[in-house]
Structures are given as C-alpha cells and as structure tokens.
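J.: Right, I'll just put the structure down here and ask away after.
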Amino acid sequence: MDSKRIAWLAVSAGTVFLARKVANRLLDSGWRMAAHDDPPVHAGGGARLLPALGWAVGSAAVISLAEFGAREAAASIWHRWTGEDPPEG
C-alpha cells in the first residue's frame with residue numbers, strides 16, 4: 001500500500017470518527033429532550049418495542065447520513081490539500 005493511500009485512509013477515518021461522535025451526542029441529547037428519558041439502548045432492560053425500534057431506525061439513519069457527509073468532506077479536504085482526487089478503492 002502506498003503512502004497516499006495510507007494518508008487518505010487516515011483522513012477519511014478521522015472525519016468519519018468525528019462525525020459519528022458528534023452524531024451520537026446529538027442523537028442522545030435529542031432523544032432526552034423529546035422523550036424526557038434515556039435512549040432505549042439496552043433491549044434486555046425492559047425497553048418497549050416501539051420506542052426501541054424508533055431509536056434503532058432513527059439513529060441508523062442519522063449516523064449513515066453523518067458518515068456520508070464525513071466522507072464527502074474528507075474528499076473535499078483531500079482535494080484541497082493535494083490537488084488530486086482521493087485514491088480509489
């Protein structure tokens with residue numbers, strides 16, 4: 001693996017990591033504001049089905065969008081730094 005590929009993986013992974021952290025915090029605080037309760041993250045803790053299902057679907061959608069946006073931002077950053085498109089693969 002060449003050094004450009006390794007650098008791209010580091011930039012991409014870093015932006016996705018930060019986006020996931022921010023998305024998770026926003027999801028948690030948003031749920032607490034809306035439901036006045038902690039998110040139903042432990043299925044064995046007596047969580048009701050509908051709120052748990054809503055949490056699972058909503059959080060998956062938000063995190064997927066955050067990851068997509070982070071990858072696009074990483075590609076933009078890469079292009080700004082190197083003047084090239086990110087390595088393929």
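The values are calculated or read from the model by the stated rules, or taken from the named source; none is laboratory data. In this text, all values refer to a predicted model and were calculated from it rather than measured experimentally. All Cβ positions, glycine included, derive from the backbone under ideal geometry; neighbour counts span all protein chains shown.
J.: Please verify whether ALA52 is touching a helix residue (DSSP H, G or I) at 6+ places or on another chain (Cβ under 7 Å), modelled with pLDDT of 95 or more and of a type outside the set (Ser, Thr, Tyr), treating the condition exactly as stated.
T.: When the stated conditions are applied, ALA52 does not pass them.
J.: Limited to segment 65-84, what total is found for residues that are within 19 Å of the chain's Cα centre (by Cα) and either more than 11 Å from TRP8 (Cα to Cα) or not in a helix (DSSP H, G or I) (or both)?
T.: Number of matching residues: 9.
J.: List the number of the failed condition for ASN24; all other conditions in (1) over 28 Å from SER3 (Cα atoms); (2) surrounded by 16 or more Cβ atoms within 10 Å (Cβ to Cβ) hold.
T.: (2)
J.: Further question: Go through segment 39-64 residue by residue and tally those that are more than 12 Å from the chain's Cα centre (by Cα) and surrounded by 12 or more Cβ atoms within 10 Å (Cβ to Cβ).
T.: Residues flagged as more than 12 Å from the chain's Cα centre (by Cα) and surrounded by 12 or more Cβ atoms within 10 Å (Cβ to Cβ) within segment 39-64 amount to 11.
J.: Let me ask something else. Report every pair of residues separated by at least 6 positions or lying on different chains whose Cβ atoms are under 7 Å apart, first residue within segment 13-27 and more than 21 Å from TRP78 (Cβ to Cβ), second part of a helix (DSSP H, G or I) and of a type outside the set (Ser, Thr, Tyr).
T.: That search, which allows pairs on different chains as well, returns ALA23/VAL62; ALA23/ILE63; ALA23/ALA66; LEU27/VAL62.
J.: Residue pairs, Cβ under 6 Å, 6 or more apart or interchain, first in segment 37-55 and closer than 18 Å to ARG25 by Cα, second at pLDDT below 75. List them.
T.: PRO40/ALA47
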